[in-house]
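Below is one structure; the comments refer to it alone.
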Amino acid sequence: MTTQTDRSIFDFLQQHSSRTQNISAPAGARICVQGDQCSSLIILTQGVVRVFKPAADGRRITLYQIRETQSCILTAGCILNSTPFPAIAEAETDVSGIAVAATDVIRWLNESQQWREYLFSLLAGRLEHVIELVNAVAFQRLDARLATWLLQQQSDGDISATHQQVAEELGSSREVISRLLKDLENSGLVSLSRGRITITDQRGVASLIETL
């Protein structure tokens, strides 16, 4: 959810526009990869960036998405602690944003209450999301996690996503997700087509979360 603190950050950046840089990247571009040293913090003005962690076996799990007015808290942490980036940030859509140099990230943290409030608000939101993610991975069955994800992503019952994309969102394999989706289709809860999942029984999908 975008807060007033998030929106007001653009006013702050406009006041310091001489010290920032406008950037853009196409869909599919790697914004940051594991091991990178973060030289700037980017606040998105348009588009969506996905931050994910790859595993040795090829699986991936999405840590969070970055949207308009938001930034990457892992990047901020790397700047403040002089550590390399621990994940991969990839543009899901064409994106644009405002880049703040690492030196200004640190300087404004010491000098500007508005900048501190923005970063702390971002940190609190991300921590809440990560705690929910850890809870889901540790304590929920994959069936329930899939049902939750489907209901969150739907638009009028439709979800544009491949089985591989769903697997990466949930930190599973494509084969396992395909099997679970096929089970849901056989139960009359969803309809599957190429690159699309349609929820045909929302109440039935929701019941999986309650009973599993």
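Throughout, read-outs are computed from the coordinates displayed, never taken from laboratory work. Everything numeric in this text was worked out from a predicted model, so none of it was measured. When we count neighbours, we look across all protein chains shown, and the Cβ atoms used for this are built from the backbone with ideal geometry, even at glycine.
Net charge near GLN46, counting Lys/Arg +1 and Asp/Glu -1 over other residues with Cβ under 13 Å of its Cβ? Intermediate results must be reported in sequence, preceding the final value.
Working: positive: ARG67; negative: GLU68, GLU92, ASP94.
So the environment of GLN46 carries a net charge of -2.
Contact order, relative form, for segment 70-212: 20 percent (alpha carbon pairs under 8 Å, 6 or more residues apart, mean separation divided by residue count). In a reduced charge model with +1 at each Lys and Arg Cβ and -1 at each Asp and Glu Cβ, segment 133-212 shows a dipole moment near 140 debye about its Cα centre.
Ordering LEU133, GLN113, GLY28 by the projection of their Cα atoms onto the charge dipole of the chain, which places +1 on the Cβ of Lys and Arg and -1 on the Cβ of Asp and Glu, puts GLY28 at the extreme positive end. What is segment 103-212 by shape, rounded, prolate or oblate, if you read a ≥ b ≥ c off the alpha carbon gyration tensor as root eigenvalues and call it rounded for a/c under 1.5, prolate for a/b larger than b/c, and oblate otherwise? Prolate, because a/c is 1.5 or more and a/b exceeds b/c.
Taking a ≥ b ≥ c as the square roots of the eigenvalues of the Cα gyration tensor of segment 7-86, is the shape rounded (a/c under 1.5), prolate (a/b larger than b/c) or oblate?
The shape class here is prolate.
Histogrammed with a bin width of 5 Å, the alpha carbon distances of segment 126-189 distribute as 3, 16, 27, 28, 16, 7, 2, 0 percent, first bin at zero. Highest mean first, the peptides 55-63, 68-76, 131-139, 34-42 sorted by other C-beta atoms within 10 Å per residue fall in the order 68-76, 34-42, 55-63, 131-139.
Each Lys and Arg contributes +1 and each Asp and Glu -1, all at the Cβ; summed about the Cα centre of the chain, the dipole is approximately 320 debye.
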